[in-house]
1. Contact order normalised by length for the chain, with contacts defined as Cα pairs under 8 Å and 6 or more residues apart; what percent is it?
2. Sorted by accessible area with a 1.4 angstrom probe, largest first, how do 30, 35 fall?
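The values are calculated or read from the model by the stated rules, or taken from the named source; none is laboratory data. It should be emphasised that the depicted structure is a prediction, and the values quoted were computed from it without experimental measurement. Accessible surface is based on the protein model in full, side chains and every heavy atom, while ligands, DNA and RNA are left aside. Shrake-Rupley method; radii C 1.70, N 1.55, O 1.52, S 1.80 Å.
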Amino acid sequence: MPVPQTPALTSEPALLRDLAGLIIESLNLEVAPAEIDPDAPLYGDGLGLDSIDILELALVVSKNFGVQLRADDANNQQIFSSLRSLANYVAAHRTH
């Protein structure tokens, strides 16, 4: 049975900061972690990532948090819709 996401998961500032830093470092973005709006889209408008960026990000998140992310997952659009959505997913599924 899936673990329901609780509102507490959306307000983990440390995880949001860690993921923002990971995005910037892995994709060589020239922006400070604090400048990434947790609710802005990651893909297209917003942070401006493309499908290759999202794929690279998925690999880095998987490696750093032990989260299984698959290219064919039907939930990817939701998972990567924003920094907060990604943080929620990581908080609910990480193994380390």
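1. For the chain, the relative contact order is 35 percent.
2. 30, 35
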